Amino acid sequence: MRPGTAPRSAGGGSSRAAGEERALTSVAAGDRFDQPEDLPRLWHVTLSVSGKEAPLKDVRRSLEQLAHDHPFLLTSRYANDHAEIRYWEEARDLHDAAAVALRLWGEHRQSAGLPPWEIVGLEVIDRETYHQRLAEGYGPLPATPVGVHPF
């Protein structure tokens, strides 16, 4: 073995001759790289909840607490008997993003002091669809201003 060369494992040797350079390959401009299906993607989630009336200041305080505990929330709009929460979720597929969204309200009801409202609506769309809707002038408006706001 030459000095400075690493030993080759039995049965797993290289097909290159000793000292032969490995050819480099490149991807031509315009070629597309498809990511594997199981990598996480971004999903835009809109969760709607409603129920018996609650004091507006309590609803606002609880939504602010939820946003503080979970800074992924983009915006929340609320009234005394309903609210809408919008955010981006990173998940492998739509099923995973929807499952997380459907648990959000119930799992954080006590810690954030959320009203005992039920989920009455859920929309989960991929990032491409979200941006396509915006470009075409329909769909949910961009979540600005970010934060907790009355309807």
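The values are calculated or read from the model by the stated rules, or taken from the named source; none is laboratory data. Keep in mind that this is a model prediction, so the values were computed, not measured. When we count neighbours, we look across all protein chains shown, and the Cβ atoms used for this are built from the backbone with ideal geometry, even at glycine. These accessible areas exclude ligands, DNA and RNA; they are computed on the full protein's heavy atoms, side chains included. Shrake-Rupley method; radii C 1.70, N 1.55, O 1.52, S 1.80 Å.
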(request) Starting from the Cα of Asp93, step 7 Å along the direction of its Cβ; do the same at His68; then give the gap between the two resulting points in nm. (result) 3.9
(request) Report in % the part of the accessible area of the range 50-150 that belongs to carbon and sulfur, leaving out ligands and nucleic acids; probe 1.4 Å. (result) 53
(message) Once R0 is set to 25 Å, what does the formula 1/(1 + (r/R0)^6) return for the Cβ-Cβ distance between Tyr138 and Ala79, expressed as a FRET efficiency to the nearest 0.05?
(response) 0.60
(message) Could you report the range 39-87's accessible area per residue, 1.4 Å probe, as an integer in Å²?
(response) 49
